[in-house]
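First comes the structure, then the notes that go with it.
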Amino acid sequence: MNATQPRDWDVIANRLSRWALPEGPFEPAGPWKLAYERHVLIPEPGGKPAGGQSGELVIERDGQRLRVREAVAAGATTVTTQADFLCADNPLLTPQRWSMDIGWESKMPRIPVAGLEQKRSGRVEGGEIIFSATKERRRPAPQNWTADWLLFAVLPRLPFAAATTLEFDLFEEGELHKPGQKLAYAGEHAVELGGKKVALYVFEQFGRGLLPVRWWLDARHRVVLAASERHLYLLNARAKGGTP
């Protein structure tokens, strides 16, 4: 077990003093709801990592349906995406049909956000992915693929074993194609929380078009942290931890 404090935890050390792993039950294949804080990572002068909260992410699973709500704040503007996915029963929970509503809100009256709302949808038919917005767009479906938000539900179903790997194409925000992704189990890692060493389980994700992501899961296979070099998602300590 690696006991070195990882960079991901150092970045948000001031928040971890008030954070604890959830104690509630969690069944990866059952119904659950998880809420995350979204943090940006911005290096300070001299390279010291820093950052602050920049939004939130809520993911809810009920059978093969996953509902997502993500709010991302940038200055005075917040973009909120609500998505509903009907997924295949396979390891990647490959989307079969989905819809998305994207809304904009600004605290500054001078920033024109009216009319920026979007509605998108998609479906899989006959080996093709059909994206619908202002008009339909078709493309061949990759052999193995999923959407980025769905990884929060894919990871909990993977075993903590050295041989565990997944290779797939990713569609970021349900549309942007990021091919050649790989998820691999990286082992057990000890972190310090409240003066105690706690074991977490790490997966590494890397591939074309995306910065590497480290996924941290607790012993119940619940994602508690997902961190890249630019932003991270930390499980909300006030949430029920997956209890429906």
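The values are calculated or read from the model by the stated rules, or taken from the named source; none is laboratory data. Predicted model only: the values in this text are computed from it and were never measured. For neighbour counting, all protein chains shown are included, and Cβ atoms are generated from backbone atoms with ideal geometry for every residue, glycine included.
How many residues are under 11 Å from the mean Cα position of the chain (by Cα) and surrounded by fewer than 21 Cβ atoms within 10 Å (Cβ to Cβ) when one looks only at segment 215-232?
The number of residues fulfilling the criteria is 2.
Just to be sure, is Trp104 at pLDDT below 80 and either closer than 21 Å to Leu176 by Cα or part of a strand (DSSP E or B) (or both)?
yes
Across segment 172-198, what is the total count of residues that are in contact (Cβ under 8 Å) with a residue 60 or more places away in the chain and either surrounded by 19 or more Cβ atoms within 10 Å (Cβ to Cβ) or part of a strand (DSSP E or B) (or both)?
10
It is to be established whether one or more residues within segment 155-164 are part of a strand (DSSP E or B) and not acidic (Asp, Glu).
no
Give all pairs with beta carbons closer than 8 Å in which a residue from segment 122-142 that is β-branched (Val, Ile, Thr) meets a residue that is in a loop (DSSP other than H, G, I, E, B) and surrounded by 11 or more Cβ atoms within 10 Å (Cβ to Cβ); count only pairs at least 6 apart in sequence or on separate chains.
Within 8 Å, the pairs are Val124/Thr94; Val124/Ala141; Ile129/Ala141.
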